[in-house]
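K.L.:
Could you have a look at this structure, given as structure tokens, before my questions?
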Amino acid sequence: ANDYQLFLGRTASPAEIAGWVNGMQLGMTDEQVMAAFAGSPEFYQHAGGTNQGFIDAVYQDILGRTPDAAGEAAWLAALAAGAPRSAIAYGFAVSAERESLVVSADYQRYLGRTPSQQEVAGWVSAFQRGVTNEQVVSGFLASSEYFQRQGGTIEGWLTGVYHDVLNRVPDKVGFNAWDTYLEATFV
């Protein structure tokens, strides 16, 4: 739903959300979803309906910055030579720069700290070898650093996962079921 606001400036319908959820459950990656939004005709129109507007919007929406002159010129030349907007959007989505932003945000969200350059480089390398965002997040959640940050207890860890992954407080039934499972499995 956030991608609709970011890329298209509008709210998604329940049917649209269901379609993307289904696609991701079938293996679509975050980068493929992002590229589908940014490569869409609707995004192009939302960005002003010009190649210049498209490139500027892709830089802003995917990398969070304005384009540098050389990069902008290269991407505009690629469009003029017939490169599909969807391919350009995908190139941005899987770029080392964008993956670095994702990793840095994950460190802040899950570990509450800024990563070292080596930590970022390690995860970006993993992305480039095919590790998915879900696998990276699993790595953060399974780390002893995350466990300790949540109080060093299964209950604290589970509450943290609900908050950090589902963006909500745990419901009693779900929490108790997971707590029982985790206590039986790991204690």
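The values are calculated or read from the model by the stated rules, or taken from the named source; none is laboratory data. Since we're looking at a predicted model, the values are computed, not measured. With ideal geometry, Cβ positions are generated from the backbone for all residues, glycine too; neighbour counts draw on all protein chains shown.
K.L.:
In region 40-75, how many are farther than 18 Å from G9 by Cβ, surrounded by fewer than 12 Cβ atoms within 10 Å (Cβ to Cβ), under 21 Å from the mean Cα position of the chain (by Cα) and not basic (K, R)?
P.N.:
1
K.L.:
Here is a follow-up. Taking M28, is it of a type outside the set (S, T, Y), surrounded by 14 or more Cβ atoms within 10 Å (Cβ to Cβ), at pLDDT below 95 and not in a helix (DSSP H, G or I)? Reasoning before the result, please.
P.N.:
Details: of a type outside the set (S, T, Y): yes; surrounded by 14 or more Cβ atoms within 10 Å (Cβ to Cβ): yes; at pLDDT below 95: yes; not in a helix (DSSP H, G or I): yes.
When the stated conditions are applied, M28 passes them.
K.L.:
Checking P115 against (1) over 27 Å from V58 (Cβ atoms); (2) in contact with a Ser or Thr (Cβ under 7 Å, 6 or more places away or on another chain), which single condition isn't satisfied?
P.N.:
Only one criterion is unmet by P115, namely (1).
K.L.:
Please work out if S100 is polar (S, T, N, Q) and either surrounded by fewer than 16 Cβ atoms within 10 Å (Cβ to Cβ) or over 30 Å from T50 (Cβ atoms) (or both).
P.N.:
Working: polar (S, T, N, Q): yes; either surrounded by fewer than 16 Cβ atoms within 10 Å (Cβ to Cβ) or over 30 Å from T50 (Cβ atoms) (or both): no.
Considered against the rule, which asks whether it is polar (S, T, N, Q) and either surrounded by fewer than 16 Cβ atoms within 10 Å (Cβ to Cβ) or over 30 Å from T50 (Cβ atoms) (or both), S100 comes out as no.
K.L.:
Sticking with this one: Determine which member of the set A47, A78 is of a type in the set (A, V, I, L, M, F, W, C), in contact with a Gly (Cβ under 6 Å, 6 or more places away or on another chain), within 19 Å of S95 (Cβ to Cβ) and modelled with pLDDT of 95 or more.
P.N.:
Numbers: A78 fails: in contact with a Gly (Cβ under 6 Å, 6 or more places away or on another chain).
Of A47, A78, the one residue that is of a type in the set (A, V, I, L, M, F, W, C), in contact with a Gly (Cβ under 6 Å, 6 or more places away or on another chain), within 19 Å of S95 (Cβ to Cβ) and modelled with pLDDT of 95 or more is A47.
K.L.:
Please count how many residues of region 144-184 are of a type in the set (D, E) and under 22 Å from the mean Cα position of the chain (by Cα).
P.N.:
First, the residues of region 144-184 that are of a type in the set (D, E): 145, 155, 164, 171, 179, 183.
With the extra rule that they be under 22 Å from the mean Cα position of the chain (by Cα), the set shrinks to 145, 164.
Residues that pass the stated criteria total 2.
K.L.:
Now a separate question. Contact list please: Cβ distance under 8 Å, first residue in region 91-107 and within 18 Å of P67 (Cβ to Cβ) and touching a residue at least 12 places away in the same chain (Cβ under 8 Å), second residue among the small types (G, A, S) and not in a helix (DSSP H, G or I), pairs at least six apart or on different chains.
P.N.:
Close Cβ pairs satisfying both conditions: L101/G64.
K.L.:
What number of residues within region 1-25 satisfy the criterion of being within 28 Å of P67 (Cα to Cα), more than 14 Å from the chain's Cα centre (by Cα) and assigned to a helix (DSSP H, G or I)?
P.N.:
So the answer is 2.
Let's see how each residue does on (1) assigned to a loop (DSSP other than H, G, I, E, B); (2) modelled with pLDDT under 95; (3) surrounded by 12 or more Cβ atoms within 10 Å (Cβ to Cβ):
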site: R109; (1), (2), (3): no, no, yes
site: Q118; (1), (2), (3): no, no, no
site: W123; (1), (2), (3): no, no, yes
site: V136; (1), (2), (3): no, yes, yes
site: E145; (1), (2), (3): no, no, yes
site: Q148; (1), (2), (3): no, no, yes
site: G152; (1), (2), (3): yes, no, no
site: V161; (1), (2), (3): no, no, yes
site: A177; (1), (2), (3): no, yes, no
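K.L.:
Restricting region 1-25 to residues that are farther than 20 Å from Y90 by Cβ and among the small types (G, A, S), which is surrounded by the most Cβ atoms within 10 Å (Cβ to Cβ)?
P.N.:
A12
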